[in-house]
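Visitor: Structure incoming, see below.
The values are calculated or read from the model by the stated rules, or taken from the named source; none is laboratory data. Model, not experiment: these values are computed from the prediction. With ideal geometry, Cβ positions are generated from the backbone for all residues, glycine too; neighbour counts draw on all protein chains shown.
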Amino acid sequence: MTDATSLIEQLQHELLDEIPLARAMALRVAAHDGDSLTLAAPLAPNINDKGCAFGGSLASLMTLAGWGVIRLAVAARGLDCDIYVQDSAIRYLAPVWGDFDAVSRLADGESFDAFFATLATRGKARLNIECRVPLAEGGDAATLAARFVALVKQP
């Protein structure tokens with residue numbers, strides 16, 4: 001296992017160094033508690049023609065948060081995997097007029113224990129993740145339900 005703070009710092013660097021869109025969005029890792037990951041983005045580089053957050057930015061931040069929560073779990077176990085989004089469904093529920101966060105966590109019924117057991121035996125595993133962009137006044141601006149696939153990298 002690796003120190004949680006260094007894993008978060010590594011994730012922040014990986015996102016900004018290897019994903020140009022993340023850098024353009026000016027995203028940052030805001031919180032991680034082992035079960036959920038929160039990524040944050042300022043409105044200014046993610047604004048649309050109406051003055052609210054661009055839907056593509058909401059989708060991207062949620063997708064990256066879903067990828068990131070799995071990436072942190074994999075790294076904490078010292079594994080080297082490629083992680084891909086396999087499919088997703090997004091619901092846009094309300095406009096976002098300021099800076100925003102995306103919070104990701106395992107979907108109901110999912111388990112990292114089962115995920116890692118499958119990964120160990122098959123070299124690949126799938127995991128369903130739920131993400132949301134919460135509104136300051138309560139409720140959600142957007143939600144994403146996604147299935148991710150992890151493949152153990154071969155030496």
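Visitor: Within the stretch 60-83, does at least one residue satisfy the condition of being out of contact with any helix residue (DSSP H, G or I) (no Cβ under 8 Å at 6 or more places or on another chain), of a type in the set (Phe, Trp, Tyr) and over 21 Å from Pro20 (Cα atoms)?
Guide: The answer is no, given that none of the residues of the stretch 60-83 is out of contact with any helix residue (DSSP H, G or I) (no Cβ under 8 Å at 6 or more places or on another chain), of a type in the set (Phe, Trp, Tyr) and over 21 Å from Pro20 (Cα atoms).
Visitor: Quick check, is Asp33 modelled with pLDDT under 95, farther than 17 Å from Asp99 by Cα, surrounded by fewer than 18 Cβ atoms within 10 Å (Cβ to Cβ) and not hydrophobic (A, V, I, L, M, F, W, C)?
Guide: yes
Visitor: Related question: So if I check each of Arg77, Arg91, which one is touching a residue at least 60 places away in the same chain (Cβ under 8 Å), surrounded by fewer than 21 Cβ atoms within 10 Å (Cβ to Cβ) and not aromatic (Phe, Trp, Tyr)?
Guide: Only one candidate passes the filter, namely Arg77.
Visitor: Kindly provide the set of residues from the stretch 131-143 that are touching a residue at least 40 places away in the same chain (Cβ under 8 Å) and among the charged types (D, E, K, R), ordered by number.
Guide: Once the filter is applied, which keeps residues that are touching a residue at least 40 places away in the same chain (Cβ under 8 Å) and among the charged types (D, E, K, R), the stretch 131-143 yields Arg132, Asp140.
Visitor: Can I ask one more? Just one of the numbered conditions (1) closer than 24 Å to Ala142 by Cα; (2) in contact with a Lys or Arg (Cβ under 9 Å, 6 or more places away or on another chain) is not true of Cys81; which one?
Guide: Of (1) closer than 24 Å to Ala142 by Cα; (2) in contact with a Lys or Arg (Cβ under 9 Å, 6 or more places away or on another chain), only one is false for Cys81: (1).
Visitor: Within the stretch 103-128, can you find the residues that are of a type outside the set (D, E, K, R), surrounded by 16 or more Cβ atoms within 10 Å (Cβ to Cβ) and touching an Asp or Glu at 6+ places or on another chain (Cβ under 8 Å)?
Guide: Within the stretch 103-128, the first condition is being of a type outside the set (D, E, K, R), and the residues that meet it are 103-104, 106-107, 109, 111-112, 114-121, 123, 125, 127-128.
Cutting the leftovers down to surrounded by 16 or more Cβ atoms within 10 Å (Cβ to Cβ) gives us 103-104, 106, 112, 115-116, 119, 125, 127-128.
Hits for the stretch 103-128 are Ser104, Leu106, Leu127, Asn128.
Visitor: Please identify the pairs in which a residue from the stretch 94-122 that is among the polar types (S, T, N, Q) has its Cβ atom under 6 Å from the Cβ atom of a residue that is part of a helix (DSSP H, G or I), counting only partners at least 6 apart or on another chain.
Guide: Short answer, once both residue conditions are applied: Ser104/Ala65; Ser104/Gly66; Ser104/Val69.
Visitor: Follow-up. Any residue at all in the stretch 3-17 that is within 24 Å of Ala117 (Cα to Cα) and not hydrophobic (A, V, I, L, M, F, W, C)?
Guide: Taking every residue of the stretch 3-17 in turn, at least one turns out to be within 24 Å of Ala117 (Cα to Cα) and not hydrophobic (A, V, I, L, M, F, W, C).
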